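Participant: One structure, pasted below without further comment.
The values are calculated or read from the model by the stated rules, or taken from the named source; none is laboratory data. Owing to the predicted nature of the structure, the values given are computational and were not obtained by experimental measurement. Glycine gets a Cβ as well: all are built from the backbone with ideal geometry, and neighbour counts include every protein chain shown. For accessibility, only protein heavy atoms count, side chains too; no ligands or nucleic acids. Shrake-Rupley method; radii C 1.70, N 1.55, O 1.52, S 1.80 Å.
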Amino acid sequence: MENSPSFFVQNSTEATGRLRFHGISGILNRKDRKKKTERKEVVTDEHLREADITPDTVVELVGFFRPDNHSRGIRDPLKLQTMVWEYGGETACLITLDSLGFTVHLSNALRGLIADLLHTGTDHVMTAFSHTHSAPNAAEEPEYFDFVCRRVQSAVKDALNSLSPALASW
């Protein structure tokens, strides 16, 4: 197990538990592990999704300073990914976004929208940002922030409607 993933989600038609993942793929292969660890497994439901959050208009960028801080084109698309799971009657969500980050106010607004959608508390919704220095400034671009919120809501709804049995191990 020297080069085994530190965590994986595997589809399983035999799964009977209630932990459900809508997952982020590719984040979990640690080749630098030196010691063997105890393997833990839980039965889960899983389905993967990703959405494009690249703006189609000129926007103000955040992450560096230059006299004209507006986008001039698209080098690489910006993405979001979501992971939603249910276990023991609890629902939770992880959202990753290609962005430097949002203000606390905007992050809490997004977390509140998703918590309402999942019928859970905001303490069950986590946001994580890639910290790219070439993304729209959501604090100065309210239309972009609204667009991202709609895309996240759509991805989370899809996750809830697409859960399937899987086995999660770490």
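Participant: Taking into account only those residues within the range 116-142 that are touching a residue at least 12 places away in the same chain (Cβ under 8 Å) and assigned to a helix (DSSP H, G or I), which is surrounded by the most Cβ atoms within 10 Å (Cβ to Cβ)? Lay out the reasoning, then the answer.
Facilitator: Narrowing the range 116-142 to residues touching a residue at least 12 places away in the same chain (Cβ under 8 Å): 117-120, 122, 124-141.
Those still in the list that are assigned to a helix (DSSP H, G or I) too: 117-118, 122, 124.
Details: Leu117: 17, Leu118: 20, Thr122: 16, His124: 18.
The qualifying residue surrounded by the most Cβ atoms within 10 Å (Cβ to Cβ) is Leu118.
Participant: Here is a follow-up. Going by what's in this entry, would Asp45 be described as under 30 Å from Asn161 (Cα atoms) and at pLDDT 90 or above?
Facilitator: Numbers: under 30 Å from Asn161 (Cα atoms): yes; at pLDDT 90 or above: no.
Criteria not met by Asp45.
Participant: Got at least one residue in the range 144-157 being out of contact with any Phe, Trp or Tyr (no Cβ under 7 Å at 6 or more places or on another chain), in contact (Cβ under 8 Å) with a residue 24 or more places away in the chain, among the acidic types (Asp, Glu) and surrounded by fewer than 18 Cβ atoms within 10 Å (Cβ to Cβ)? Lay out the reasoning, then the answer.
Facilitator: Filtering the range 144-157 for residues out of contact with any Phe, Trp or Tyr (no Cβ under 7 Å at 6 or more places or on another chain) gives 144-157.
Add one more test, that the residue is in contact (Cβ under 8 Å) with a residue 24 or more places away in the chain, and what stays is 144-145, 147-149, 151-157.
If we keep only those that are among the acidic types (Asp, Glu) as well, we get none.
No - not one qualifying residue is present in the range 144-157.
Participant: In the range 83-112, what count of residues is obtained for those that are without any contact (Cβ under 8 Å) to a residue 60 or more places away in the chain and open to solvent by 70 Å² or more (accessible area, probe 1.4 Å)?
Facilitator: 4
Participant: How many residues does the range 56-82 contain that are among the basic types (Lys, Arg) and surrounded by 15 or more Cβ atoms within 10 Å (Cβ to Cβ)?
Facilitator: Within the range 56-82, the subset among the basic types (Lys, Arg) is 66, 72, 75, 79.
Filter once more, so that each one left must be surrounded by 15 or more Cβ atoms within 10 Å (Cβ to Cβ): 79.
Total satisfying the criteria: 1.
Participant: Could you go through the range 46-54 and let me know if any residue there is closer than 30 Å to Trp170 by Cβ, buried (at least 17 other Cβ atoms within 10 Å of the Cβ) and of a type in the set (Lys, Arg).
Facilitator: yes
Participant: Quick one: which residue in Thr82, Thr96 is within 21 Å of Gly63 (Cα to Cα) and either in contact with a Pro (Cβ under 9 Å, 6 or more places away or on another chain) or part of a strand (DSSP E or B) (or both)? Explain how you work it out, then say what you get.
Facilitator: Values: Thr82 fails: within 21 Å of Gly63 (Cα to Cα).
Step by step, each of Thr82, Thr96 is checked, and only Thr96 is within 21 Å of Gly63 (Cα to Cα) and either in contact with a Pro (Cβ under 9 Å, 6 or more places away or on another chain) or part of a strand (DSSP E or B) (or both).
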